[in-house]
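Enquirer: Mind having a look at this structure? Questions to follow.
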Amino acid sequence: MTIRTLDSLGSLDGKTVIIRCDLNVPVKDGVITDDGRIRASLPTLQALASQGAKVVIVSHLGRPEGAPEAKYSLGPVAARLSELLDEPVAFAEDTVGASAQDAAATLAGDGTFLLLENLRFNPGETSKDDAERRAFAQQLADFADVFVSDGFGVVHRKQASVYELAEMLPSAAGLLIETELGVLEKLTEKPTRPYAVVLGGSKVSDKLGVIGHLLPKVDSLLIGGGMLFTFLAAQGYQVGASLLEKDQIDTVKGYLEKAAELGVKIVLPTDVVVASKFGADAEHTVTSAETIEETPFGQSGLGLDIGPETAATFAGIIESAHTVFWNGPMGVFELAPFAEGTRSIAAALTEVDGLGVVGGGDSAAAVRALGFTDDQFGHISTGGGASLEFLEGKRLPGLDVLGWTA
Ligand code: ADP
Ligand code: MG
């Protein structure tokens, strides 16, 4: 594998570098609940500063739709970043407007940092229109001499700060992207078998798409989280008020057939935790995956976690595999009654004799929230969707633009 790395940029002394990080951390009421992605960004930021560069940092947070929204401000991130770097981090209250321009123009001497406000407050960042993305990227490019791409979690997106910006300036991958690629390559090039992939989480339609491509590469695919209900529905079971992608049921039926042809095991839950409503104080009960609507909550029952029997089955498969990639919490781990499935799977992953990788913003946050430490896993990837697309063997635009060859 090759990709342009920092050394390809030559001396950065006195230059202004614009760097795309993925600082998309969970924030609740203005408080960052997991700073893993900020920590993962530090090595490159420190490397740039130590070379005497002025560093303009850009990122997105959450999914605002092209306009400012206070709850998606990167303000709290600037403060945390400053603590972790132990350096001042100036913060601009817009992306490319007056505040950003003033801050960039007055960026003090060498090795100083400026964080611009959430890129997705500007419609140009994620626009489907190439010209709009280019126009926004050009405004970002005007701040700097060179571009460093280090937001691994977004390299599967053709967005202004990921793709077009890299075309406009001399550009290279940062240290986080290098590290991530090094680990993911081990998963794609002759993974030690058995190789299991565990999928969960709530971005169901995004993730269902990867299954078709993953099937030929793995020995078993374990399905939990929000997507399990579309699989159960594909088998003809009722799923109450649980998360369900009705229009994907036929696709899922196709996956089940394809898996059977390939001799790959798709392992589905046999029991689930069903709740009366979405909340930590909900009544809840464990039921067979076939009888979700037969609890006291009837058709309004919500499946919010895999059950204990399923967790034990999944843990057994994970512990006997030699390569495991896990993306997506098994249940609504943020609410204590629905965290056990995720906890069991995380515990099993720490026992893998081989390489066990956790990927995804919420999955990484989940293992830390449940008390696991980073060093208990082979690797915690900052990218969920990006990692999955990499494992599928797809070309990722944000890497292609950095001269990536497999
Ligand atoms: P990641 O960020 O790791 O890629 P996702 O963003 O796809 O994962 O999904 C994370 C979210 O999935 C969590 O907030 C969790 O509460 C939610 N989730 C997991 N299981 C369920 C379920 N059964 N119903 C609803 N939401 C779920
Ligand atoms: Mg997520």
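The values are calculated or read from the model by the stated rules, or taken from the named source; none is laboratory data. Source: prediction; values computed, not measured. Backbone-built Cβ (ideal geometry, glycine too); neighbour counts: all protein chains shown. These accessible areas exclude ligands, DNA and RNA; they are computed on the full protein's heavy atoms, side chains included. Shrake-Rupley method; radii C 1.70, N 1.55, O 1.52, S 1.80 Å.
Enquirer: Out of everything in region 176-233 that is touching an Asp or Glu at 6+ places or on another chain (Cβ under 7 Å) and among the small types (G, A, S), what residue ends up being farthest from ligand 1 (Cβ to nearest atom)?
Expert: Across region 176-233, the extreme among qualifying residues is A196.
Enquirer: I'm trying to understand the selection: among the residues of region 156-209, which are among the hydrophobic types (A, V, I, L, M, F, W, C), at pLDDT below 95 and either open to solvent by less than 10 Å² (accessible area, probe 1.4 Å) or on the phi > 0 side of the Ramachandran plot (or both)? Break it down stepwise before answering.
Expert: The initial filter retains those residues of region 156-209 that are among the hydrophobic types (A, V, I, L, M, F, W, C), namely 160, 162, 165-166, 168-169, 172-173, 175-177, 181, 183-184, 187, 196-199, 204, 208.
Next, from what is left, pick out any that are at pLDDT below 95: 183-184, 187, 204, 208.
Matches in region 156-209: L184, L187, V204, L208.
Enquirer: Please go through region 125-144 and pick out each residue that is among the polar types (S, T, N, Q), in a loop (DSSP other than H, G, I, E, B) and open to solvent by 20 Å² or more (accessible area, probe 1.4 Å).
Expert: At the first step, the residues of region 125-144 found to be among the polar types (S, T, N, Q) are 126-127, 138-139.
Remaining after also requiring in a loop (DSSP other than H, G, I, E, B): 126-127.
Scanning region 125-144 gives a single hit, T126.
Enquirer: Tell me, which strands (runs of 3 or more DSSP E) wholly within region 37-124 include 2 or more residues that are open to solvent by 60 Å² or more (accessible area, probe 1.4 Å)?
Expert: none
Enquirer: So V286 clears everything in (1) surrounded by fewer than 20 Cβ atoms within 10 Å (Cβ to Cβ); (2) within 14 Å of ligand 1 (Cβ to nearest atom); (3) under 23 Å from P26 (Cβ atoms) except one condition, right? Which one?
Expert: Condition (3) is where V286 drops out.
Enquirer: Just to be sure I understand, how many residues within region 391-406 are open to solvent by 20 Å² or more (accessible area, probe 1.4 Å), assigned to a helix (DSSP H, G or I) and in contact (Cβ under 8 Å) with a residue 12 or more places away in the chain?
Expert: 1
Enquirer: Let me ask another. Out of the residues in region 192-219 meeting the condition of being out of contact with any helix residue (DSSP H, G or I) (no Cβ under 8 Å at 6 or more places or on another chain) and of a type outside the set (D, E, K, R), tell me which one is nearest to ligand 2 (Cβ to nearest atom).
Expert: The residue in question is G209.
Enquirer: Right, here's the next one. So which residues in region 218-239 are touching a Phe, Trp or Tyr at 6+ places or on another chain (Cβ under 7 Å) and farther than 19 Å from F278 by Cβ?
Expert: Within region 218-239, V218, D219, L222, I223 meet the criteria.
Enquirer: Run L244 past the list (1) under 22 Å from W326 (Cβ atoms); (2) within 22 Å of the chain's Cα centre (by Cα) and report the number of the one that doesn't hold.
Expert: Going through (1) under 22 Å from W326 (Cβ atoms); (2) within 22 Å of the chain's Cα centre (by Cα) one by one, L244 breaks only (1).
Enquirer: So, of the residues in region 370-380 that are in contact (Cβ under 8 Å) with a residue 12 or more places away in the chain and either touching an Asp or Glu at 6+ places or on another chain (Cβ under 7 Å) or outside any helix (DSSP H, G or I) (or both), which turns out to be nearest to A40 (Cα to Cα)?
Expert: Among residues in region 370-380 that are in contact (Cβ under 8 Å) with a residue 12 or more places away in the chain and either touching an Asp or Glu at 6+ places or on another chain (Cβ under 7 Å) or outside any helix (DSSP H, G or I) (or both), the one nearest to A40 (Cα to Cα) is I380.
Enquirer: When G383 is evaluated against the numbered criteria (1) open to solvent by 10 Å² or more (accessible area, probe 1.4 Å); (2) in a loop (DSSP other than H, G, I, E, B); (3) under 18 Å from S41 (Cβ atoms), which criterion, by number, is the only one it fails?
Expert: Failing condition for G383: (1).
Enquirer: Please work out which residue is nearest to I32 (Cα to Cα), limiting yourself to region 82-111 and to residues that are charged (D, E, K, R) and under 29 Å from the mean Cα position of the chain (by Cα).
Expert: Out of the qualifying residues, it is E83.
Enquirer: Another question, if that's okay. For residues that are crowded, with 23+ Cβ neighbours inside 10 Å and over 18 Å from the mean Cα position of the chain (by Cα), scanning just region 217-231, find the one that is nearest to F333 (Cα to Cα).
Expert: Among residues in region 217-231 that are crowded, with 23+ Cβ neighbours inside 10 Å and over 18 Å from the mean Cα position of the chain (by Cα), the one nearest to F333 (Cα to Cα) is L228.
Enquirer: Please pick out the residue among E334, E293 that is surrounded by fewer than 21 Cβ atoms within 10 Å (Cβ to Cβ) and within 16 Å of ligand 2 (Cβ to nearest atom).
Expert: Unique residue meeting the criteria: E334.
Enquirer: Have a look at G371, G398 and point out the one that is of a type outside the set (F, W, Y), more than 12 Å from ligand 1 (Cβ to nearest atom), over 19 Å from the mean Cα position of the chain (by Cα) and more than 23 Å from V267 (Cβ to Cβ). Full working, then the answer.
Expert: On the way: G398 fails: over 19 Å from the mean Cα position of the chain (by Cα).
Just one listed residue meets the conditions, G371.
Enquirer: Within region 338-367, track down each residue that is under 14 Å from the mean Cα position of the chain (by Cα), more than 9 Å from ligand 1 (Cβ to nearest atom) and more than 15 Å from Y195 (Cα to Cα).
Expert: Going through region 338-367, the residues under 14 Å from the mean Cα position of the chain (by Cα) turn out to be 357-367.
Cutting the leftovers down to more than 9 Å from ligand 1 (Cβ to nearest atom) gives us 357, 367.
Scanning region 338-367 gives a single hit, V367.
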